Amino acid sequence: MSPYDSRLAISLEIHEAQVWADHVTACGRIDGDTLGATVERSDAFVMSALRAIDSFDVNRVVGLGVVSPATKADVERIVAFYRANERTRFRVELSPVARPAELPVWLEAADLQEDQQNVTKLFRLTCDVRHPVPDGQVQLLGLEHRRVVGELNAMAWGAGIAHTATVEWFGSTVGEQGFRHYGIFDQDRLISVGALAVRGTVGWVGFAASHPRYRGKGLRQKINEVRLAEARSLGCEVVHVEIEERYSQSAKLPFQRLYDRPSYSSQPLRRLDRDEPGAI
């Protein structure tokens, strides 16, 4: 990563940590806190866990070493946090601006292993958006769509709609302040969906999913057009997303590659193959 990107990288890492913490906090507002949501925020980084889902994709540490240099005590605190929440699968994601240089060594000394697959950070300046919003096809979703959004994501990500915790996880931010979800319907069936989270002048997009029968029809591209245009209308100067490195070169992505982000996991990480990018 070139030096002039450092300020942007710090901004995006801080923003992602805020959005992720807000998502897990929203899970805790589900009646009865069925997901067992726990978030620890600090000025330095965010730790989050769900006791109902022991997954690397949920139990994450974001922003470590970005605002201020991390310490060995921070690494010990992370391990203790997940042990206290009885999570065996968690990961720490490091950006190129994470400090100090010894941080990867400290993580490995704590029995965390570097994943073979990096996460790539992509970004786009919304002033480059030129697409008109498709009239009527992409809809802004509300609280009444929470269940179907969760079910579609759970299906697309391989958990299935019978996995109640996963459905609740994906649907938890629908209708929540700071999050906007967009969907396309075929009659009464939700067939594609994607989320936008705006904090200040920065937007984040994620949790995109399409029904398997409707893939390859350009539905995600249509939702991306709307999300980027909406982000611009809400005052965003930058929109960013995370995606698995192997998908980051897709010509379908309306984003620019910024940097790769290695992850350190509590045990070797095995990712499921997917038919198409699932991150955005």
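Which fully enclosed strands (runs of 3 or more DSSP E) of region 92-195 have 3 or more residues being within 26 Å of LEU253 (Cα to Cα), out of contact with any Lys or Arg (no Cβ under 7 Å at 6 or more places or on another chain) and in contact (Cβ under 8 Å) with a residue 40 or more places away in the chain?
Answer list for region 92-195: 119-125, 179-186.
Give the residue that is surrounded by the most Cβ atoms within 10 Å (Cβ to Cβ), with candidates limited to residues of region 14-56 that are more than 18 Å from ALA195 (Cα to Cα) and among the acidic types (Asp, Glu).
Among those that are more than 18 Å from ALA195 (Cα to Cα) and among the acidic types (Asp, Glu), it is ASP54.
Quick one: in region 197-234, which of the residues that are surrounded by 18 or more Cβ atoms within 10 Å (Cβ to Cβ) and free of Cβ contacts under 8 Å to residues at least 40 places away in the same chain is nearest to the chain's Cα centre (by Cα)?
Only one residue tops the list, namely VAL198.
Could you say whether any residue in region 96-112 is under 21 Å from VAL66 (Cβ atoms), in contact with a strand residue (DSSP E or B) (Cβ under 6 Å, 6 or more places away or on another chain) and at pLDDT below 95?
Of the residues in region 96-112, the ones under 21 Å from VAL66 (Cβ atoms) are 96-110, 112.
Now narrow it down to the ones that are in contact with a strand residue (DSSP E or B) (Cβ under 6 Å, 6 or more places away or on another chain): 96, 107, 112.
Checking the rest, the ones that are also at pLDDT below 95 come to 96.
Yes, there is a match, as at least one residue in region 96-112 is under 21 Å from VAL66 (Cβ atoms), in contact with a strand residue (DSSP E or B) (Cβ under 6 Å, 6 or more places away or on another chain) and at pLDDT below 95.
Is it the case that VAL39 is β-branched (Val, Ile, Thr), touching a helix residue (DSSP H, G or I) at 6+ places or on another chain (Cβ under 6 Å) and in a helix (DSSP H, G or I)?
When the stated conditions are applied, VAL39 does not pass them.
Pick from ALA52, ALA70: which is over 21 Å from GLY206 (Cβ atoms) and assigned to a loop (DSSP other than H, G, I, E, B)?
ALA70 is the lone residue from the list that is over 21 Å from GLY206 (Cβ atoms) and assigned to a loop (DSSP other than H, G, I, E, B).
Identify, please: which residue in region 249-280 is at pLDDT 50 or above and of a type in the set (Lys, Arg) and is, among those, nearest to GLU93 (Cα to Cα)?
ARG261
The values are calculated or read from the model by the stated rules, or taken from the named source; none is laboratory data. Please read all numbers here as calculations on a predicted model, not as lab measurements. Cβ: placed from backbone, ideal geometry, glycine included. Neighbour counts: every protein chain shown.
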